[in-house]
Amino acid sequence: MALPTQAAPGYFVWEVPGERVAVHVRLDVIQRLDWEVKRGFRSIPKRGAEVGGLLLGTVEDGFPAVVRVENFEAVPCGYQYGPSFQLAEDDGAAFESACERWQPEASPSTYAVGYFRSHTRDGLALDADDLAILDGLFPNPSHVALLVRPHATVAGTAGFFFRDDGAFPQATPLEFPFGQPELLSEEAAPPPPPEEPQAMKREPVAAAASEL
């Protein structure tokens, strides 16, 4: 029987009892990633633009395997197919190059442990493009995917995905509020992003300040 994992201070733990993968995410990474997701969401009226990229950290083998997310790297998208994060040929080459830079052989202390994407469509599910990226570039059984669904007036919703019998399920086994105050602490919160030029200024993201 799997025992609950213990998280270091400053981390949010995503864990489903009895499952073989648990994810520990730095709270400051949640806040910075939330800001990146909302920046894309506000950039286009109505649906907003999706953003995506790499989750960076380490994997500790065991049961459950513990995926620690210590940082992320957003990968640009040219949006040739609309506001969804769908990679055209040049975008795909940039994504592959980013993955190569963050392989354990090149960066043993922090490496690519998964994929993230914001989700501005209905529901919260991986699509065929996500699965192509995951199957092609994230082959480790403990690699994870993170989808974040932003909302205009309330906290977003997110969920991690991991392989079950070799395949990623369409639905996450556990959704959680993304960027809610209870997931963040003042100690973990990074400085606010630099101010944008007045013509480009968007609604600021409120900093959360409560403890887990």
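Data overview
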item: Alpha carbon convex hull of the range 65-120, volume per residue in cubic angstrom; result: 93 Å³
item: Mean accessible surface per residue for the range 29-85, computed with a 1.4 Å probe while every protein chain stays in place, in Å²; result: 42 Å²
item: In Å², nearest 10: area of Glu50 left accessible to a 1.4 Å probe; result: 0 Å²
item: Relative counts (whole %) of C-alpha pair distances in the range 28-138, using bins that are 5 Å wide; result: 2, 12, 20, 23, 21, 13, 6, 2, 0
item: Length-normalised contact order for the range 27-129 - Cα pairs under 8 Å, 6+ apart - percent; result: 30 percent
item: His143, His151, His24, reordered so the largest accessible area comes first (probe 1.4 Å); result: His151, His143, His24
item: Debye log10 I(q)/I(0) for the range 5-54, one point scatterer per Cα, at q = 0.13, 0.18 Å⁻¹; result: -0.46, -0.70
item: Two-decimal log10 I(q)/I(0) for the range 89-185, as the Debye equation yields it once each C-alpha is a single scatterer, q = 0.14, 0.19, 0.20, 0.23 Å⁻¹; result: -0.60, -1.01, -1.07, -1.22
item: Label point distance in nm, Asp122-Ser107, each placed 7 Å from Cα along Cα→Cβ; result: 3.8 nm
item: Contact order normalised by residue count of the range 127-174, Cα under 8 Å, 6+ apart, percent; result: 30 percent
item: Built amide H within the under 5 Å cut-off of Ala158, gap 5+; result: Arg149, Phe176, Phe178
item: Gained length - Ala171 relative to Trp35, 0.36 nm times residue gap less alpha-carbon distance; result: 46.5 nm
item: Ala65 long-range amide H proximity, modeled H, under 5 Å; result: Val21, Ala22
item: Area accessible to solvent at Phe41, 1.4 Å probe radius, in Å²; result: 40 Å²
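The values are calculated or read from the model by the stated rules, or taken from the named source; none is laboratory data. In this text the structure is predicted, and so the values were computed from the model without any measurement. Note: ideal-geometry Cβ built from the backbone for every residue, glycine included; neighbour counts use all protein chains shown. SASA here: full protein model, heavy atoms, side chains in, ligands and nucleic acids out. Shrake-Rupley method; radii C 1.70, N 1.55, O 1.52, S 1.80 Å.
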